[in-house]
Structures are given as C-alpha cells and as structure tokens.
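One structure is given here, and the rest of the page talks about it.
The values are calculated or read from the model by the stated rules, or taken from the named source; none is laboratory data. On a predicted model such as this, the values are computed, not experimentally measured, just so you know. For neighbour counting, all protein chains shown are included, and Cβ atoms are generated from backbone atoms with ideal geometry for every residue, glycine included.
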Amino acid sequence: MDVEGDILPISKVGCISPSTIRIEWLIESLWQEEACGIIGGQPKCCKSWLGLDMAVSVASGTPCLGKFVIPKKGPTLIFMAEDRIEEVRRRIEGIAMSRGLDLSSLDVFLITIPVMRLDVEEDQKRLAATIASIRPRLLLLDPLVRLHRLDENNAREISGLLGYLRELERRFKVSIIVTHHASKRSHARPGQGLRGSSDLHAFGDSNIYLARCKEDIELSVEHRAAPSIEKLSLRLKIEQNSVFLHILGEPQADPSEPNLNQRITNLLETNSAPITRAQIRETLHVNNHRLGQAINQLVSSNLVTVSDRGLQINPGS
C-alpha cells in the first residue's frame, strides 16, 4: 500500500536525538505549544478569568499569572458565549492595566457573534476562515456547553466535535483552550470529574483544573507529554480599577517598573557592541535561570540575536 503524502516509512520520519529533545511551550509549564485542552472546574471557579489571563499573556508576552513565561508572543482569538462584549473588554482591560499594558497595543481579537455552534458545518467553516485570517497562537472558547447541542455523555457525538478542534490545531498550528464544567462528585483525578464523556479528559494535551477552597482557587495541571507542576493557590485581586488572578505567596511585579526583558533590551540598546551573558547578569543582578528564560523569549520574539561575541539588539526589530 502506498498513498503518496499520507504514508512514510518510519526510517524517513524526522529523527530527534535525545540531546536535542526539548518541550515546546505556549506558556512555560502551564500550556504546551500547539496543545488542545480544557480548563475544567465547577461553576464560579474563575475558569474564564484564567483563560483571559492566558490570552492577554500570550498576546503581550508578559508572564501568565505574573509567573509563567511566554517564550513567544502572538495574536489571540477569543469567543466568550456567556458574557457581553463590553464585560469581556472590561475584564481584559483590567488584566492589562495590572501589568501596565495599553489595551490598544494588544493583539487580542474577540468573536462578536452572539451564538457559535461547533457542531454546525457553516459555523465550523466560519471559525476556520477567521483563524486563517488572524493566525492566532491561541484560541480560547468559553464554555463548551454553549458551543454545541450534542449529548456530552455520548462518546460518538462528542468525539466529532473534538475531532474538529484537533483538525483546527493541526491545520493552523494553533493552541486551543476550551473551558468546561466539572461535576460536584469527588474523583481520584480531577480530569475524571469533567462533565460528560471520558473522551473530554483524554482529549487534552494540556489540561488545567480549578477547584474552590473557601476564598481561594486551587490550580492543578496535567500534560500528555510533560511533567506537571505543584498545585498553586489563586485568588482574585482587586487593585485600583483592575481585577485579576494572582498566585498566593508570590510577589507581585510593580507595573511601573521595567520587567527583565525591558531591562535587557534597554541595556543592549545603550551599547553598540554585543554584550556577553555574564556581563548582563552582573550588570542587572539577576540569577542565571531567570536570565536564560528572558533571553530565550527575546530571541524567539526576534528582538535579540545571539552570537559567539554575545547578545545584541536585532537591527530589524
């Protein structure tokens, strides 16, 4: 059997040596690159808030929840089925304000139609055309229950919808996040508590689960092909005119202070010659791990180039 373009001998499939294997992240440790998955939890667990935080982070290149690095920023596309457009804008504006970002500078796009049905062919085509036009790095769909009229307990029906989302991911190389409700029953694993077919749990390359514990929100993560992180405690924080999620126990960055990426680019801009990593670390008084994360992000964003002589601003940036 030989169908050109559809079948390859295993020996001709690109090989990656163990020394070069690395995990690609959309949001480091939180969501893998080009991953489909679910933010799951019971109602009022801030699933939408987290999804919007992730979308703003990817669009701006600023750390998600003030902690998780964005290796490469890019446009994000959002459909919020249960919230008015004005309310979605207000939430995004508050998240942006908490980070010192100008809303007009964000490549965040909202789908404004009142209803979108992903089990209807016409709507599937319209969403695919929108993604083809914008080419987002992240698509956020919130919530799953408002995106179809299928029986979520019927594996055959729900698998068709999940197959469509997987097709979008592979066709457009886009990460897809869908928020979904969990049942109130306790389970050994949070993913087993997602409402409906077990295919929903199995579908996710990266899944995030939120559970309310009094005033706090407990966040846990699982990945198909990467290690999980320790559980985190979150809480909605109100600061001036901003409402945003923050990690309890984590120091919050002052938006009026330049972040590490800005400090590095400011330093490079003041020098015509390349600067070594050791010189940057000594000048900015930053630990090597954080510096490495920032440099990787700047290189991925094509703002900085690295040579044997050191780092310098990309002339075309």
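Listed values, structure above:
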read-out: Checking residue 148 against (1) over 25 Å from residue 87 (Cα atoms); (2) assigned to a loop (DSSP other than H, G, I, E, B); (3) in contact with a helix residue (DSSP H, G or I) (Cβ under 6 Å, 6 or more places away or on another chain); (4) in contact (Cβ under 8 Å) with a residue 24 or more places away in the chain, the condition it does not meet; value: (1)
read-out: Residue list for the stretch 74-87, filter: buried (at least 20 other Cβ atoms within 10 Å of the Cβ) and out of contact with any Pro (no Cβ under 6 Å at 6 or more places or on another chain); value: 78, 79, 80
read-out: Considering residues of the stretch 121-139 that are among the aliphatic types (A, V, I, L, M) and surrounded by 14 or more Cβ atoms within 10 Å (Cβ to Cβ) only, the residue farthest from residue 163 (Cα to Cα); value: 134
read-out: In the stretch 57-97, the residues that are closer than 26 Å to residue 116 by Cβ and of a type in the set (Lys, Arg); value: 73, 84, 89, 90, 91
read-out: Which listed residue, of 277, 224, 235, 212, is over 30 Å from residue 36 (Cβ atoms), touching a residue at least 12 places away in the same chain (Cβ under 8 Å) and of a type in the set (Lys, Arg); value: 277
read-out: Any hit, the stretch 169-183, residues being crowded, with 21+ Cβ neighbours inside 10 Å and farther than 26 Å from residue 73 by Cα; value: yes
read-out: Contacts under 6 angstrom Cβ, first residue in the stretch 120-144 being assigned to a loop (DSSP other than H, G, I, E, B), partner among the aliphatic types (A, V, I, L, M), 6 or more apart; value: 136/77; 136/174; 137/58
read-out: Within the stretch 67-92, tally of residues that are assigned to a loop (DSSP other than H, G, I, E, B) and either without any contact (Cβ under 8 Å) to a residue 12 or more places away in the chain or within 18 Å of the chain's Cα centre (by Cα) (or both); value: 9
read-out: Residues being surrounded by 12 or more Cβ atoms within 10 Å (Cβ to Cβ) and within 17 Å of residue 49 (Cα to Cα) - total across the stretch 207-242; value: 20
read-out: Positions within the stretch 275-317 being more than 19 Å from residue 71 (Cα to Cα) and surrounded by 17 or more Cβ atoms within 10 Å (Cβ to Cβ), in sequence order; value: 275, 280, 310
read-out: Residue satisfying condition, being under 30 Å from residue 209 (Cβ atoms), in contact with a helix residue (DSSP H, G or I) (Cβ under 9 Å, 6 or more places away or on another chain) and at pLDDT 80 or above, within set 231, 237; value: 237
